[in-house]
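**Student:** Have a look at this one before I ask anything.
The values are calculated or read from the model by the stated rules, or taken from the named source; none is laboratory data. Quantities reported herein were computed from a predicted structural model and do not represent experimental measurements. Don't worry about glycine lacking a Cβ; one is built from the backbone with ideal geometry, like all the others, and counts go over all protein chains shown. Each accessible area value is taken on the protein alone, full model and side chains, heavy atoms only, with ligands, DNA and RNA left out. Shrake-Rupley method; radii C 1.70, N 1.55, O 1.52, S 1.80 Å.
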Amino acid sequence: MKKEKHIPLKNYEKFSDNKSLEISELFFEKMNKRRSVRTFSSEPISIEVIKNVIKTANTAPSGANKQPWHFVIVESNEIKKQIKIAAEKEEKEFYSNKAPKEWLKDLEQFDTNAKKPFLEIAPYLIVVFEEKYRIGKSGVREKNYYTKESVGLASGMLLTALHNVGVATLTHTPSPMSFLSKILNRPANETPFLLIVAGYPKKGTVVPNIKRKMLNEILTIF
Ligand code: IYR
C-alpha cells in the first residue's frame, strides 16, 4: 500500500490556561535547578536510562527531518581514558598558549584548568556528532540542512531529559575536538559537536556562584 503523505495529528494534549500556567511554572522550577557540575561520582546509571534520553533527543525537530545527529555513549574505561588523555592535551595548549587573556579572565569564576579527571570518573560520556552531509545508499553525497541548529536543539533536549531523571551533566567542548572522531571511529561526514559528561554529582559538589539573567534582560515583547 502507498504511504500516506499526511496522517492525523495524534496524542496532542491541550490544557486549560490555568493548567498550562501551573505546568509551566513547575517545569521552570525543575529546569531552574539544573546546574553544570564538574565533580562526578562513579556511581553507575542504567544504560537503559541513557538510551531513553537519547530517544528523547531524537524527537527534536531538524532541517527537512534529516535528523543530522549521531550519539556515541562511552562507558568503556579504556576509551574514557583515551578521551581524557587527548582532551587534556588540547586543554593544556588552550590554557597555556592559545586562550586570549580576556577568555581566561571570563573563565576565572569557574576555576577550570587543563585537568579533566571527570572524563574518567563519570559513568558515561555522551559524544554528540553533527552529520554535515550524508552518504546515500548509492554512495552519493546527500544534503543535510541547518545541521548546527538541529544538533543544538537535540542536545538541549538531551540535557533536559538527563536533568529530568536527576542525572547531572557537563557540556564540555575541548577545542579542537577532532580527536573524538578518531578515537570513536566516526566517518568523515560527521564532526564532533559536543561532549557531554553524565553522572550523579559527587557528594559535597560545589558549583560557581553565578546568576541567570532576569527575564527583562533577555525578553522583548511587541
Ligand atoms: N574548554 C575549556 C575552556 C572552557 C571554555 C568555556 I567558553 C567554558 O564555558 C568553560 C571552559 C575547558 O573545558 O576547560
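**Student:** Which one is farthest from residue 27 (Cα to Cα), of the residues in region 152-168 that are touching a Lys or Arg at 6+ places or on another chain (Cβ under 8 Å) and buried (at least 20 other Cβ atoms within 10 Å of the Cβ)?
**Tutor:** The residue in question is 168.
**Student:** Let me ask something additional. Identify all residues within region 188-216 that are open to solvent by less than 40 Å² (accessible area, probe 1.4 Å), under 19 Å from the mean Cα position of the chain (by Cα) and not small (Gly, Ala, Ser); write none if there are none.
**Tutor:** 190, 192, 194, 195, 196, 197
**Student:** Here's a follow-up. Return yes when residue 149 is more than 26 Å from residue 96 (Cβ to Cβ), acidic (Asp, Glu), under 17 Å from the mean Cα position of the chain (by Cα) and open to solvent by 50 Å² or more (accessible area, probe 1.4 Å) and no when it is not. Spell out the reasoning first.
**Tutor:** Details: more than 26 Å from residue 96 (Cβ to Cβ): yes; acidic (Asp, Glu): yes; under 17 Å from the mean Cα position of the chain (by Cα): yes; open to solvent by 50 Å² or more (accessible area, probe 1.4 Å): yes.
Criteria met by residue 149.
**Student:** So which strands (runs of 3 or more DSSP E) stay within region 131-222 end to end and still have 2 or more residues that are of a type outside the set (Gly, Ala, Ser), touching a strand residue (DSSP E or B) at 6+ places or on another chain (Cβ under 8 Å) and over 19 Å from residue 74 (Cα atoms)?
**Tutor:** Ranges flagged: 133-135, 141-143.
**Student:** Enumerate the pairs (first residue in region 20-39 and farther than 14 Å from residue 160 by Cβ and modelled with pLDDT of 95 or more; second residue anywhere and among the hydrophobic types (A, V, I, L, M, F, W, C) and outside any helix (DSSP H, G or I)) with beta-carbon separation below 7 Å, excluding pairs fewer than 6 apart on the same chain, so at least 6 apart or on different chains.
**Tutor:** Every condition considered, the pairs that remain are 23/15; 37/168; 37/170; 37/207; 38/170.
**Student:** From 121, 83, 135, grab the single residue that is in contact (Cβ under 8 Å) with a residue 40 or more places away in the chain and touching a Leu at 6+ places or on another chain (Cβ under 8 Å). Explain how you work it out, then say what you get.
**Tutor:** Working: 121 fails: touching a Leu at 6+ places or on another chain (Cβ under 8 Å); 135 fails: touching a Leu at 6+ places or on another chain (Cβ under 8 Å).
Of the residues listed, the single one that is in contact (Cβ under 8 Å) with a residue 40 or more places away in the chain and touching a Leu at 6+ places or on another chain (Cβ under 8 Å) is 83.
**Student:** Step by step: first the residues of region 92-128, then only those that are in contact with a strand residue (DSSP E or B) (Cβ under 7 Å, 6 or more places away or on another chain) and aromatic (Phe, Trp, Tyr), then the one that is farthest from the ligand (Cβ to nearest atom). Which residue is that?
**Tutor:** Result: 124.
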